[in-house]
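Trainee: Would you mind keeping the following structure in view while I ask a few things?
Quick note: the coordinates plus some simple rules give every number you see, no bench work behind them. On a predicted model such as this, the values are computed, not experimentally measured, just so you know. Every residue, glycine as well, gets a Cβ built from its backbone with ideal geometry; the counts of neighbours run over all protein chains shown.
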Amino acid sequence: MRRTQLYLEDETWKMLQVLARQAGCSVSALVRQAIRARYLQGAAHRKAAMQAVVGLWSGRADLPATQAYVRRLRKDTRLARLTR
C-alpha cells in the first residue's frame with residue numbers, strides 16, 4: 001500500500017468524517033473504497049461487457065461468409081500497382 005495526501009475542502013472533509021463514522025471505518029478506508037468503486041469496478045464492468053460481445057454474430061445464416069469478406073478487405077494490391 002502506498003501513502004498519498006489529498007487536499008479537501010472543509011465541507012468535504014466534514015462529510016467524509018461523518019460517513020466514515022457511520023460506516024465504522026476510517027476516512028482513508030472510505031476514500032479507498034470510493035476510488036475502487038469509481039475507477040476500478042468500471043474497468044472490470046467494461047471488460048466484461050466487451051467479452052460478452054465476442055462471438056455475438058457467429059452462426060448467423062443471414063450474413064455472408066465472414067472469412068471471404070475479410071480476405072477481400074485485406075487483399076493487398078500494392079505490389080501489382082507498383083509493377084505496372
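Trainee: Given the peptides 27-34, 9-16, arrange them by the average over their residues of other C-beta atoms within 10 Å, most packed first.
Mentor: Descending mean neighbour count gives 27-34, 9-16.
Trainee: With all pairs of different alpha carbon atoms counted, what Kirkwood hydrodynamic radius in Å does the chain show?
Mentor: Every distinct Cα pair counted, the radius reaches 18.7 Å.
Trainee: Moving on to the next point. In deg cm²/dmol, rounded to 500, what helix-only [θ] at 222 nm does the chain give when every DSSP H run of at least 4 residues adds -39500 (n - 2.57) and the total is split over its residues?
Mentor: Calculated at 222 nm, the ellipticity per residue is -17500 deg cm²/dmol.
Trainee: Would you kindly give the portion of the calculated P(r) for region 1-41 that falls above 17 Å, as a percent of all Cα pairs?
Mentor: Of all Cα-Cα distances in region 1-41, 33 percent exceed 17 Å.
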